[in-house]
1. What does the extension gain come out to for residue 51 and residue 71, with contour length at 0.36 nm per residue minus their alpha carbon separation?
2. Between residue 224 and residue 160, 0.36 nm times their residue separation minus their Cα-Cα distance comes to what?
3. Would you mind checking 42/92; 184/213; 152/239 for any pair whose Cα atoms are more than 24 angstrom apart?
4. Just check the stretch 2-238 against the gyration tensor rule for me: Cα atoms, a ≥ b ≥ c as the square roots of the eigenvalues, rounded for a/c under 1.5, and otherwise prolate or oblate depending on whether a/b exceeds b/c.
5. To the nearest 20 debye, what is the magnitude of the charge dipole of the chain about its Cα centre, counting +1 on the Cβ of each Lys and Arg and -1 on the Cβ of each Asp and Glu?
6. How far is it, in nm, from the label point at residue 101 to the one at residue 214 when both lie 7 Å from their Cα along the line to the Cβ?
7. How big is the gap, in Å, between the Cα center of the stretch 1-61 and the Cα center of the stretch 130-204?
8. How high is the relative contact order of the stretch 1-117, given as a whole-number percent (alpha carbon pairs under 8 Å, six or more residues apart)?
Amino acid sequence: MNSVLILGATSDIAEAIAHVYAAKGEDVILAARNCSRLERVKTDMEIRFGKSPELVEFDAENTDSHTDFYKNLPSRPHIVVCVFGYLGDNEKALHDFSEASRIIQVNYTGAVSALNIAAVDMMQKGSGTIIGISSVAGERGRQSNFHYGSAKAGFTAYLSGLRNYLFHKGVHVLTVKPGFVKTKMTAEMPLNPKLTATPQQIARDVVNAAEKKKNVLYSLWMWKYIMAIIRNIPEGIFKKMKL
């Protein structure tokens, strides 16, 4: 039996993606460090779609547990969505490496560990889709979040190489680069509403892009052009800016 595995399922974007796939009739596995936080999501999905998602414990930071986690899944996924992330405190990370380490561990190391396992499984089957939720923050380091941005930059490069590696093996890899998203994580941030997506918008874009086998998705769409401008600002000017 095929299924959609969502890693980091307690996030707002993950819940929205789960809803879109469930509405399409897919069996969904929700994986998170604290499954008790998913009981509300499970009940809601049972009511909405008449089908109960499986809940599985998953700790992105405990990479030693990832092989057994994947081996013991209730069904083999044909789609794996890596949604988990940790924004962290950039200033704290500069003075306390334990914070910097956690940002790197969650956003890069844990993601690579989990997706490598999924990639090997899909490669052996000769089919499958891997979706990695990265960020536009990875396109250029900024003073406000360079620890998070550098980890996402690494994750973006990893997904690009993985896509290249798996192309001839029948497995597709989609890189998703959201801009501003209205979530619990960004609730206290003063975001421009014209540039800010809802989790539901991101979810629809993600599933549509995966079905069309797109390689890279910016969501909302205008972030592709915003980031093109930011990437091309000369470094001598960029370093003086407060971003």
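Each value in this text was obtained by applying a stated rule to the coordinates, not by laboratory testing. In this text the structure is predicted, and so the values were computed from the model without any measurement. Glycine also receives a Cβ, built like all others from the backbone with ideal geometry; neighbour counts cover every protein chain displayed.
1. Full-extension gain reported as 4.9 nm.
2. 21.4 nm
3. 42/92; 184/213
4. Because its axes are fairly even, with a/c under 1.5, the stretch 2-238 counts as rounded.
5. Roughly 1020 debye, rounded to the nearest 20.
6. 3.8 nm
7. Computed from Cα coordinates, the inter-centre distance equals 20 Å.
8. 30 percent
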